[in-house]
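Working notes, beginning with the structure itself.
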Amino acid sequence: MSFRSIVRDVRDGIGSLSRRGFEVRLSGHNRGKSQGSVNDLSDNNHSALVIQNSRWANLPPELLFDVIKRLEESESSWPARKHVVACAAVCRSWRSMCKEIVRTPESCGKITFPVSLKQPGSRDGTIQCFIKRDKSNLTYHLYLCLSPAALLVENGKFLLSAKRTRRTTCTEYVISMDPDNISRSSSTYIGKLRSNFLGTKFIIYDTQPPHFNTNTQPPPGRSSRRFHSKKVSPKVPSGSYNIAHITYELNVLGTRGPRRMHCIMQSIPASSLDPGGSVPGQPELLLPSSSSLEDSFRSISFSKSLDRSTEFSSSRFSEIIGAATSSDVPESEKSKMPLVLKNKAPRWHEQLQCWCLNFRGRVTIASVKNFQLIAAQPPPVLPPPTAAPGGSGSQPEHDKVILQFGKVGKDMFTMDYRYPLSAFQAFAICLSSFDTKLACE
C-alpha cells in the first residue's frame, strides 16, 4: 500500500466518523435539548474511542515514524504536501509524531501548517511568494510560489489575504487566513495594519502578544470593537498587540530620490541576527484539531481584547531608530533593542537614467513600490571568518536582503522573505507599500 493510499484511507475513516457524529447530533437536537446533550456526549466518546483504538492509531511508534518520515520527504512541495497535513489531523499519536518530524520553515524552508505563517522564514535562502491585487474590491492575496514559472500561470498555494478599508483618519488592512471572508469578526483573522492620515507611518497589530519586548503590550482601559462582537468565537485570541512600526521619510520636493523606509520590529530582538541568535517565543503547535484553524496560532488564553492607541509620534520613531542604529550603545543594551530594518539604497544608472536595484530577476517592472530591506543595526565586532581554501566566506546576516518586494505585472507583485521575518510580518510590510504617499514620492 502506498503512502498516499494510507493517508486517503485514514482521512476517509475520520471523515465518516465526523459525518456520523454530525447526523447523531442533528437527530438528537430535533428530539430535544436534553436528549441531544446525551447523544453528543456518547457520540463524542464513541468517536474518540474508535479513533484511538483503530489500526492506524495503534501503529508501533517505529513504523509510524518511518511512514510519516518517508511521506514528509517524498511530498516536499504543495499541493502534494497536503498529505502531511492530513497525517497530523488523524489522532494524538500521529500529531505528536508529525510535530517531531516536520521542521519549522527556519530550518527546512518549507511552509506546511498554518502556524508556519507566523514562524521565521528560512535561514539558508528566501521563501518566494507573490501577491495578487484586486482593485475592484480592494483585496490582496498572498500565494506561495510552487514553481519557477508560477508567476506566468499564477500557480500558487494560498497563504493569506488582506482587505483595505479607508477610514476618516487612517487606512486599515485586515489580514486573514481565509481568501474570501476577510473581517475582524472572522475566526481566521490574525492581525491588521493601520496607517496615519498621510500614509507615512504604519503599525502592525497581531492577535498574539509579543514574547520579546513585552512592554509593547497594550495598556488596559481601551477595548476593541472585536471583543464586543457577538460573532466572535470565544476560542479565538481577541487581543490586538503592537508588534512593529513602519515609517516612510517625507520627501515633499522629491529631492531625496526614491522612498526611504524603516521598520521597527518590536517582536524581534536585534540579537536575532547575531551568530547563534534566535527569535524567542515561537508557537509550538503545528496543526489545530480538525475543525478550527485559529487554534494553531493560540499559545495562551486572553480574557480581554485590548487595542493600543495609535501612536504615530515622529519623535518616538526617531528615538527608537536612532538608538538602534547607534554604535555607541553598550553591548548589554543592544540585546534589549528591537530589530530595525531599512530599505537598501538604490544606485543611479547613467545609461537608463533611473534608480536601480538588483532583484535577481524576481522584479521586471519599475515602480516606486519596489524595495529591498536589510538590517539597519551595525553588525557586532567579530574576528574575520576564515574562508575555506579556494572558496569565499558566507555573507554576514546583517548584509543579506531580508525582504524584497517588486512589481511584475499590472496587479502582480513578488514577495521574497527570509529569517527572521515571518510570512505574516513580511506581508504586512508589503501592504504598507501599496498605500498612496503623496509626501514621500
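Out of the residues in segment 242-284 that are among the hydrophobic types (A, V, I, L, M, F, W, C) and assigned to a loop (DSSP other than H, G, I, E, B), state the one that is modelled with the highest pLDDT.
Here is the first cut: in segment 242-284, the ones among the hydrophobic types (A, V, I, L, M, F, W, C) are 243-244, 246, 250, 252-253, 261, 263-265, 268, 270, 273, 279.
Checking which are assigned to a loop (DSSP other than H, G, I, E, B) leaves us with 250, 252-253, 279.
Numbers: 250: 77, 252: 56, 253: 49, 279: 89.
Applying the filter and picking the extreme gives 279.
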Legend entry - Those residues of segment 410-436 which are in a helix (DSSP H, G or I), out of contact with any helix residue (DSSP H, G or I) (no Cβ under 9 Å at 6 or more places or on another chain) and open to solvent by 10 Å² or more (accessible area, probe 1.4 Å), in sequence order: 434
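To keep it simple, each residue is scored yes or no on (1) in contact with a helix residue (DSSP H, G or I) (Cβ under 7 Å, 6 or more places away or on another chain); (2) open to solvent by less than 40 Å² (accessible area, probe 1.4 Å).
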residue	(1), (2)
67	yes, yes
76	no, no
83	yes, yes
86	yes, yes
90	yes, yes
95	yes, no
108	no, yes
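Only one residue in 132, 118 is open to solvent by 30 Å² or more (accessible area, probe 1.4 Å), within 28 Å of residue 360 (Cα to Cα) and in contact (Cβ under 8 Å) with a residue 40 or more places away in the chain. Which one? I'd like the intermediate steps shown before the answer.
Values: 118 fails: open to solvent by 30 Å² or more (accessible area, probe 1.4 Å).
Checking each option against the conditions leaves just 132.
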Inset, instruction - Quick one: residue 208 ticks every box in (1) at pLDDT below 90; (2) closer than 22 Å to residue 262 by Cα except a single one, so which number is it? - result: (2)
Inset, instruction - Output the number of residues of segment 170-191 satisfying the condition of being farther than 20 Å from residue 245 by Cα, touching a residue at least 40 places away in the same chain (Cβ under 8 Å) and not hydroxyl-bearing (Ser, Thr, Tyr). - result: 3
Inset, instruction - Output yes when any residue across segment 49-61 is at pLDDT 65 or above and in a helix (DSSP H, G or I), and no when none is. - result: yes
Inset, instruction - Please give the number of the condition residue 43 fails out of (1) among the charged types (D, E, K, R); (2) surrounded by fewer than 14 Cβ atoms within 10 Å (Cβ to Cβ); (3) at pLDDT below 90; (4) more than 30 Å from the chain's Cα centre (by Cα). - result: (2)
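Conditions (1) out of contact with any Pro (no Cβ under 9 Å at 6 or more places or on another chain); (2) modelled with pLDDT under 95; (3) open to solvent by 70 Å² or more (accessible area, probe 1.4 Å), marked per residue:
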residue	(1), (2), (3)
146	no, yes, no
149	yes, yes, no
152	yes, yes, yes
156	yes, yes, no
170	yes, yes, no
180	yes, yes, yes
187	yes, yes, no
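Specify which of the listed residues (109, 32) is on the phi > 0 side of the Ramachandran plot and at pLDDT 70 or above.
Values: 32 fails: at pLDDT 70 or above.
The unique qualifying residue is 109.
The values are calculated or read from the model by the stated rules, or taken from the named source; none is laboratory data. Because the structure is a prediction, the values reported are computed rather than measured. As a convention, Cβ positions derive from the backbone with ideal geometry for all residues, glycine included, and neighbour counts pool all protein chains shown. Each accessible area value is taken on the protein alone, full model and side chains, heavy atoms only, with ligands, DNA and RNA left out. Shrake-Rupley method; radii C 1.70, N 1.55, O 1.52, S 1.80 Å.
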